[in-house]
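The values are calculated or read from the model by the stated rules, or taken from the named source; none is laboratory data. Being a predicted model, the structure only gives us computed values, none of them experimental. No Cβ is skipped: glycine too gets one built from the backbone with ideal geometry, and neighbour counts run over all protein chains shown. When the accessible area is computed, the model is the full protein with side chains, heavy atoms only, and any ligands, DNA or RNA have been set aside. Shrake-Rupley method; radii C 1.70, N 1.55, O 1.52, S 1.80 Å.
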Amino acid sequence: MMTSALRVFPSPAAGRRALAGIEGVVPASRLGVRPQPETIPTGIPQVDALTGGVPRGGLTEIFGPASSGRTSLLLAFMAQATAREEVCALVDASDAFDPHSAQAAGVDLRRVLWVRCGGNPPQRHRGTEDREIGSSGHRVIAQDSITRSPDHPITRFSVSLNLRCASSRVEQALRAADLLLQAGGFGLVVMDMGDIPPAIARRVPLASWFRFRRAVENTATALVVVEQEASAKSCASLVLKTQQSAVSNQQSAKTRIVPTHTRLLCGMQLEIEVLNSRISQRKPVRSATTSFESRASWFG
């Protein structure tokens with residue numbers, strides 16, 4: 001049986017001299033300081049002042065409910081990256097990206113690789129009537145069906161089918177993001193899973209997030225994931241929570257285009273909360289908040 005004895009040195013200096021003679025052991029006093037990661041400006045001064053930007057070689061997670069500013073923040077990232085003539089890759093898990101809105105936000109679409117994840121459309125049941133209501137080259141289908149209770153067998157089947165479609169889209173998004181990160185050459189890689197149900201997003205194994213973190217580490221690529229709820233946990237270098245604080249609108253009577261009893265959306269006041277940040281050498285930042293205003297494009 002092997003035994004080991006604890007050696008006690010008469011002084012710290014004697015201990016350092018003894019350790020210096022052991023091959024492969026470097027005293028802590030001689031260890032170099034880990035360099036602070038390079039960051040990408042977000043294009044929003046309030047967010048940059050709070051976070052310092054999006055870290056290269058790391059995973060940034062943006063989450064929040066619908067209409068909370070996730071897309072506004074994402075388009076600002078992409079606009080800044082394409083303005084520096086970098087190539088961006090967008091993995092669109094729900095096929096919800098709007099190129100016209102992105103172009104209005106300043107994104108150079110010539111430098112964007114858009115990966116659209118999709119599958120077979122859900123099958124419709126008997127008892128539904130389809131009507132074509134689109135006339136601009138797109139075939140839009142509206143379904144007129146009898147309202148059924150949530151416990152009805154057909155309703156339960158529809159929910160199950162939609163969840164399976166969402167799960168398939170997530171698998172495609174994970175494979176696409178993995179290939180893009182392994183290929184390299186992108187300044188920004190985005191996984192947009194904002195319309196994926198949280199129950200499906202939570203099924204992504206933690207090993208996949210660790211794989212992404214290792215793939216992007218020590219590279220010039222910034223990986224950004226957009227979700228409704230945070231899923232990457234400790235794999236994320238920066239976690240941002242978005243929420244809406246106020247909505248501004250005005251009477252549309254002055255426009256003389258729409259009925260006077262309606263209101264036109266002007267913009268939203270949005271709040272960004274930093275839940276976790278490992279960018280700086282200091283203790284990770286927690287629960288720091290800032291706010292900014294997102295204006296509608298028709299108001300300039």
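Polar (S, T, N, Q) and modelled with pLDDT of 85 or more: which single residue out of Gln172, Gln143 fits that description?
Gln172
Could you say which residue among Val225, Val216 is within 22 Å of Ser94 (Cβ to Cβ) and among the aliphatic types (A, V, I, L, M)? Result of the check over Val225, Val216: Val225.
May I ask you to say which residue of Val115, Val47 is outside any helix (DSSP H, G or I), surrounded by 14 or more Cβ atoms within 10 Å (Cβ to Cβ) and touching a residue at least 60 places away in the same chain (Cβ under 8 Å)? None of the other options fit; the residue is Val115. Among the residues of the range 205-227, at least one is open to solvent by 10 Å² or more (accessible area, probe 1.4 Å) and touching a Phe, Trp or Tyr at 6+ places or on another chain (Cβ under 7 Å).
Out of all the residues in the range 156-169, which are touching a Ser or Thr at 6+ places or on another chain (Cβ under 9 Å) and either at pLDDT 85 or above or farther than 20 Å from Val225 by Cα (or both)? Before you say what the answer is, go through the steps one by one.
Going through the range 156-169, the residues touching a Ser or Thr at 6+ places or on another chain (Cβ under 9 Å) turn out to be 166, 169.
Matches in the range 156-169: Arg169 only.
Under the condition of being in a helix (DSSP H, G or I) and surrounded by 12 or more Cβ atoms within 10 Å (Cβ to Cβ), the residues counted in the range 180-189 number 2. Within the range 57-104, the residues that satisfy the criterion of being open to solvent by 40 Å² or more (accessible area, probe 1.4 Å), closer than 13 Å to Val190 by Cβ and assigned to a helix (DSSP H, G or I) are Thr71, Gln80. Comparison of Ile200, Ile196 shows that the only residue that is at pLDDT 90 or above, part of a loop (DSSP other than H, G, I, E, B) and open to solvent by less than 30 Å² (accessible area, probe 1.4 Å) is Ile196.
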